Amino acid sequence: MNNYSTIYEAVGGVAGIKGIVESFYPKVLKNPLIGPLFPPNIQPVMEKQTMFLTQFFGGPSLYSDEYGHPMMRARHLPFPITPERAEAWLGCMREALAETDLPAELQEVMLDRLSGPAHHFINQQP
Ligand code: HEM
């Protein structure tokens, strides 16, 4: 993250976030634990996630401007999220990040930042 004040800038802005999201969701859909939770038309989810991660990583508040307060735990309540599913989500993100040319240290910082919310969204034990 040297010389960048936000992760958002370090990954290359919205274009960088979009690239990660486009590599992430095909892995999510293929994952037997979490794929079935998602709609077959993943495009709207990818657009929302690009907007959300933009603001989550310090960029402009694209998601809140469009959809209001994120309330992400509440938005995930309709889906049964077990500890295993949280790990599967993070595993897909780890793979998506590994396919970028972002520095390993930055990838770890991003995973670390996502790990809190992912575990916070757990709403069901196995
Ligand atoms: C812990 C494992 C997770 C699972 C199993 C999961 C699953 C889901 C599912 C099923 C949806 C709804 C798709 C739809 O039908 O529209 C969704 C939406 C979303 N998720 Fe997750 N998610 C997880 C973690 C996360 C994390 C860590 C973040 C970001 C920090 C995140 C951000 C979002 C966003 C921004 C949306 C779109 C919300 C909206 O509809 O406005 N999710 N997620």
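The values are calculated or read from the model by the stated rules, or taken from the named source; none is laboratory data. Nothing here was measured: the structure is a model prediction, and the numbers come from that model. Cβ sites come from the backbone with ideal geometry, for glycine too, and all protein chains shown count toward neighbours.
What the table below lists for this structure:
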{"item": "Hits in the range 99-113 (condition: aliphatic (A, V, I, L, M) and loosely packed, with under 12 Cβ neighbours inside 10 Å)", "result": "104"}
{"item": "Residue tally, condition farther than 23 Å from residue 80 by Cβ, among the small types (Gly, Ala, Ser) and in contact with a helix residue (DSSP H, G or I) (Cβ under 7 Å, 6 or more places away or on another chain), over the range 1-38", "result": "2"}
{"item": "Residue check, residue 105 of a type in the set (D, E, K, R) and within 22 Å of residue 5 (Cβ to Cβ)", "result": "yes"}
{"item": "Positions within the range 51-86 being buried (at least 17 other Cβ atoms within 10 Å of the Cβ) and charged (D, E, K, R), in sequence order", "result": "85"}
{"item": "Pair list, Cβ < 6 Å and 6+ apart or interchain, from the range 78-96 residues that are under 17 Å from residue 112 (Cβ atoms) to residues that are assigned to a loop (DSSP other than H, G, I, E, B) and of a type in the set (Phe, Trp, Tyr)", "result": "none"}
{"item": "Helices (runs of 4 or more DSSP H) within the range 7-126 that include 3 or more residues within 11 Å of the ligand (Cβ to nearest atom), among the polar types (S, T, N, Q) and under 12 Å from the mean Cα position of the chain (by Cα)", "result": "43-56"}
{"item": "Residue 4 being within 18 Å of residue 101 (Cα to Cα) and at pLDDT below 95", "result": "yes"}
